[in-house]
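Nothing in this text is a laboratory measurement; each read-out follows from the coordinates by a stated rule. In this text, all values refer to a predicted model and were calculated from it rather than measured experimentally. Note that we place each Cβ from the backbone using ideal geometry, even for glycine, and neighbour counts take in every protein chain shown.
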Amino acid sequence: MSDLRLRNDPGLRRWLAGLVVAVILAACGGSVGSPGSTAPDLEGSTWRATKIGDVSPVAEAAPTIRFEGGQAGGTTGCNTYGGAYRLAPDGSFGIDSMIMTEMACDGPRGNQERVVVAILQAADRLELVGDELRISGPQGSITFVQVGA
């Protein structure tokens, strides 16, 4: 009789359903920022933007980011930028004292650069989910795919 009560207990069923979901999520892998997670090793990797917010980058001018020697740098699609980056196991991220070249960027490339710089300067989060790297903060997000080791 006690077996029947356990099977019909709604609290037990909810707990078991939660356990099943947790096991499935653990099997699928987590992103940076999951409890107990560690920061991904980005050292030596290069990434190309596929989305800036919900918009595709300007053709032939996709922003990039490379992580090398504690520095993050790349191109906005016009100018190059760089600075020391910090990444914590909880996904907290930032590029400190970002510097940039100062070529004139007009039209769509100039507009893209303004958005990319605003996002990167205010970025406070990095997530690696599957094959996508997403850098985000209060100014928006940029989604990248890896292009080099």
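Tabulated data for the structure shown
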{"item": "Sole exception among (1) over 18 Å from residue 44 (Cβ atoms); (2) of a type in the set (Val, Ile, Thr); (3) assigned to a strand (DSSP E or B) for residue 145, by number", "result": "(1)"}
{"item": "Flag if residue 144 is surrounded by 13 or more Cβ atoms within 10 Å (Cβ to Cβ), of a type outside the set (A, V, I, L, M) and under 18 Å from residue 57 (Cβ atoms)", "result": "yes"}
{"item": "Single condition residue 105 does not satisfy, out of (1) out of contact with any helix residue (DSSP H, G or I) (no Cβ under 9 Å at 6 or more places or on another chain); (2) surrounded by 14 or more Cβ atoms within 10 Å (Cβ to Cβ); (3) more than 14 Å from residue 53 (Cα to Cα)", "result": "(1)"}
{"item": "Matching residues, the range 108-149, being in contact with a helix residue (DSSP H, G or I) (Cβ under 9 Å, 6 or more places away or on another chain) and among the hydroxyl-bearing types (Ser, Thr, Tyr)", "result": "136, 141"}
